[in-house]
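Peer 1: One structure is given below, represented as structure tokens, and several questions about it will come after.
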Amino acid sequence: MQTLILCGGEGTRAHPHTLEVPKPLLEVGGQPVLRHVMEIYASQGHAEFLLAAGFKLDLINRFATELPSSWEVRVVDSGRDANTAERVWACRDLVDDTFFLTYADGLADVDLAVLEHFHRSHPGSASVTVVPLPSPYGTVDIGVEGRVERFREKPSLLDHWVNGGFFLMDQDVFDHWSGADLEREVLPALAAVDQLFAYRHTGFWRSMDTYKDAVELSALCPGPGEARPPPWIRSPTAASS
């Protein structure tokens, strides 16, 4: 199955590191984060990619020439200033009847076979992987009379779920496509007509939004001589759905 990856934005939250290099090419553990994302899919048998590029298109093209020859990779110029939904729309005639869609900066050990099974089990044209909200702060558990029982450092808030990327969509989704912004317009529109279903993933997930995130993700990569894979490539975890 094809994987469409959105990698055309400027990555303004990672400035100044993205002034010359597009965010998907910021390195995590010595290689671009986009390469890590692609390896998530290739390691689970999906090595056909469409890269919806825009900002610094020439650098994405150069990156594509350095990928394994066993991968099928096509770079699509989806527009220098296009928004997320516009980039997907630009590729609508290039994707298969069912296709993966993801961002170029989200890393997770999503079991893609389980995601596909979930997608085929419901009547909608789109599935979105959701993950527990990661708290940016430590939390405090408080007991009787205000007694502090425990500190938890940046826990996942299991009562709240956020978009983790890792979509699976059918061509029918374009019959309901409305708007330029995937998150603010298209996904709510799909939900409004009962076309969007959520797959809950409770394994590893981390988004590289800033350069600080890139540094922290790099710390999770294996060091010289280590045989272990990074946590987003380990055996997929079967999340409840």
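Peer 1: Given the options 126, 104, 180, which has the most mean-square fluctuation in a GNM of the chain, springs set between C-alpha atoms less than 10 angstrom apart?
Peer 2: 180
Peer 1: When Cα Rg over 2.2 N^0.38 Å is calculated directly from the model, which label among (1) 1.19; (2) 0.94; (3) 1.04 fits?
Peer 2: Computed from these coordinates, Cα Rg over 2.2 N^0.38 Å corresponds to label (3).
Peer 1: If you don't mind, there's one more thing I want to ask. According to the square roots a ≥ b ≥ c of the eigenvalues of the Cα gyration tensor, what is the shape class of region 86-207, taking rounded for a/c under 1.5, prolate for a/b larger than b/c otherwise, and oblate for the remainder?
Peer 2: Numbers: a/c = 2.49, a/b = 2.33, b/c = 1.07.
It is prolate, given that a/c is not under 1.5 and a/b is the larger ratio.
Peer 1: Just to confirm my numbers, what's the Cα centroid distance between region 189-208 and region 81-142 in Å?
Peer 2: 6
Peer 1: Taking only DSSP H segments of four or more residues, each worth -39500 (n - 2.57), what value at 222 nm results for the chain once the sum is divided by all its residues, to the nearest 500 deg cm²/dmol?
Peer 2: Details: 6 runs with 50 residues, N = 241.
Taking each H run of at least 4 residues, the total per residue is -5500 deg cm²/dmol.
Peer 1: Hey, in the GNM for the chain with a 10 angstrom Cα cutoff, which one of 219, 198, 47 fluctuates hardest?
Peer 2: Looking only at 219, 198, 47, the biggest GNM fluctuation is shown by 219.
Peer 1: Further question on the same structure: Just the accessible area per residue of the chain, please: how many Å² with a 1.4 Å probe? Numbers along the way, then the final one.
Peer 2: Values: 11860 Å² over 241 residues.
Computed with neighbouring chains in place, this is 49 Å² per residue.
Peer 1: OK, next. Rounded to a whole number, what % of the accessible area of region 67-139 do carbon and sulfur atoms account for, probe 1.4 Å? Could you put the intermediate results ahead of the total?
Peer 2: Details: 1560 of 3190 Å².
Answer for region 67-139 is 49 percent, counting heavy atoms of protein chains only.
Peer 1: How large is log10 I(q)/I(0) at q = 0.11, 0.27 Å⁻¹ when the Debye formula is applied to the Cα atoms of region 22-95, each weighted equally and without solvent?
Peer 2: Log-scaled intensity ratios, in q order: -0.27, -1.40.
Peer 1: Under a GNM of the chain (C-alpha, springs under 10 Å), which listed residue has the highest mean-square fluctuation: 70, 125, 178?
Peer 2: 70
The values are calculated or read from the model by the stated rules, or taken from the named source; none is laboratory data. Fair warning: this is a prediction, and the values are worked out from it, not measured in the lab. These accessible areas exclude ligands, DNA and RNA; they are computed on the full protein's heavy atoms, side chains included. Shrake-Rupley method; radii C 1.70, N 1.55, O 1.52, S 1.80 Å.
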